[in-house]
Amino acid sequence: MSKIILSEKPGPIGIFDSGYGGLTILKHIQGTMPEYDFMYLGDNARTPYGTRSFQVVYEFTLQCVTKLFEMGCHLVILACNTASAKALRTIQQIDLPRLDATRRVLGIIRPTVESIGELTVSRHVGLLATPGTVKSLSYPLEINKLFPDITVTGESCPIWVPLVESGESQSDGADYFVKQHIDNLLAKDSEIDTIILGCTHYPLLLDKIRKYVPEGIKIVSQGEYVASSLKNYLERHPEMDARCTKGAATSYYTTESLDTFLPNASIFLNSAIDADSITL
């Protein structure tokens, strides 16, 4: 891919997700940093990423990151665990030096991982996530870099994302699948005292997750940790903060038709929004 010409003007913070779950991350970031401008891009036409190969996830994620750069973003957050697990490192190490070495792409796994050391007492942590995220081993690898004494046990929950995106997260039928995977996880390791929700869709299942997770086990939902980490990052990097516009505005883009995107997005944001459909 040849070098593209990018504007040096300050712009919004880009928030990317393969589907809708990144909207839960965006909502937390907006609450923590309300003065900033944001640009959300959902690759909803090609979701889910969780079942795709590392190469395909990387290629799709790079296309979306490049699009956000072209639309004026200097900083992009991969608000998607699959993209963070399968594409982030390659984009940071290989593509940013080629595209623009001054731009930054950050993921959501590291901020979540950094919180774990203070939360677990037993040093046994559970992970509920998509098959792609569990298979990537990104969470145990990142956790063990910081906390070598922590044991991480993963449980793939392939049906949870479809439950949320079909609007069934509050249905009685969802209880069966939520309970099933929590039971499976705790059967693998009875010493787990902290569970990471390693998918941005899962906060919409939080009421049911709390219902079936035994009392005393902490549940780590990513949004608050990612928002806090991003705010801290910009405080530590004033040169990047200066390249982020602050007009308290958010624009939404999707690769899907608006007839599909808008009603689904409202489920995650709990409010109606305006959006535009784009082609990558």
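With all protein chains present, how much of the accessible area of segment 1-104 (probe radius 1.4 Å) comes from carbon and sulfur, to the nearest whole percent?
Carbon and sulfur atoms account for 56 percent of the accessible area of segment 1-104.
Based only on the alpha carbon positions, what is the Kirkwood hydrodynamic radius of segment 157-280, in angstrom? Could you put the intermediate results ahead of the total?
Working: mean 1/r = 0.0578 Å⁻¹.
The answer is 17.3 Å.
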With label points set 7 Å from each Cα along the Cα-to-Cβ direction at residue 231 and residue 249, the distance between them in nm comes to 2.4 nm
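Compare 122, 18 by solvent-accessible area with a 1.4 Å probe and give them largest first, with all protein chains kept in place.
Of 122, 18, the descending order of accessible area is 122, 18.
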Amide hydrogen neighbours beyond the local backbone of residue 38, cut-off 5 Å, H modeled: 13, 249, 250, 251
3J(HN,Hα) from dihedral phi, segment 148-159, Karplus parametrisation 6.51/-1.76/1.60, rounded to Hz, x for glycine, proline: x, 8, 8, 9, 10, 10, x, 9, 6, 10, x, 8
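For segment 185-280, run through the GluC sites (Glu not before Pro) and keep only the ones in DSSP coil with at most 10 other Cβ atoms within 10 Å of their Cβ. List each step's numbers first, then the result.
Working: sites: 191, 215, 224, 235, 239, 256; in loops: 191, 215, 256.
The qualifying sites are 215.
Can you compute the charge dipole magnitude of the chain about its Cα centre, using +1 on each Lys and Arg Cβ and -1 on each Asp and Glu Cβ, nothing else charged? Give it in debye, rounded to the nearest 20. Working shown, then result.
Working: 25 positive and 32 negative charges, 134 e Å.
The dipole magnitude comes to about 640 debye.
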Solvent exposure, largest accessible area first (probe 1.4 Å, DNA, RNA and ligands not counted), of 243, 104: 104, 243
Would you give the gap between the C-alpha center of segment 84-146 and the C-alpha center of segment 168-235, rounded to a whole Å? 17 Å
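Assuming R0 = 25 Å, what is the FRET efficiency of residue 89 and residue 239, from their Cβ-Cβ distance, to the nearest 0.05?
Working: r = 23 Å, r/R0 = 0.91.
Using R0 = 25 Å, I get an efficiency of 0.65.
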Which residues qualify? For residue 154, with a placed amide H closer than 5 Å and at least 5 residues away or on another chain, they are 127
Could you tell me what percent of the accessible area of segment 137-206 is made up of carbon and sulfur, with a 1.4 Å probe and every protein chain present? 57 percent
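Per residue, how much accessible area does segment 128-210 show when a 1.4 Å probe rolls over the protein heavy atoms, in square angstrom? All intermediate terms of the calculation are to be shown ahead of the outcome.
On the way: 3500 Å² over 83 residues.
Here the per-residue accessible area is 42 Å².
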Count of Lys pairs (Cα-Cα under 20 Å; at least 8 positions apart or interchain) in the chain: 18
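Stokes-Einstein at 25 °C, 0.890 mPa s, Kirkwood radius from Cα pairs: D for segment 1-100 in µm² s⁻¹?
Using the Kirkwood radius from Cα pairs, D works out to 178 µm²/s.
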Could you point to the residue in 21, 108, 93 farthest towards the positive end of segment 1-129's charge dipole, with +1 and -1 charges on the Cβ of Lys/Arg and Asp/Glu respectively? 93
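The values are calculated or read from the model by the stated rules, or taken from the named source; none is laboratory data. Everything numeric here is computed off the predicted structure, so don't read it as measured data. In this analysis, Cβ positions are derived from the backbone assuming ideal geometry, glycine residues included, and neighbour counts consider all displayed protein chains. Surface accessibility is based on the protein's heavy atoms, side chains included, excluding ligands, DNA and RNA. Shrake-Rupley method; radii C 1.70, N 1.55, O 1.52, S 1.80 Å.
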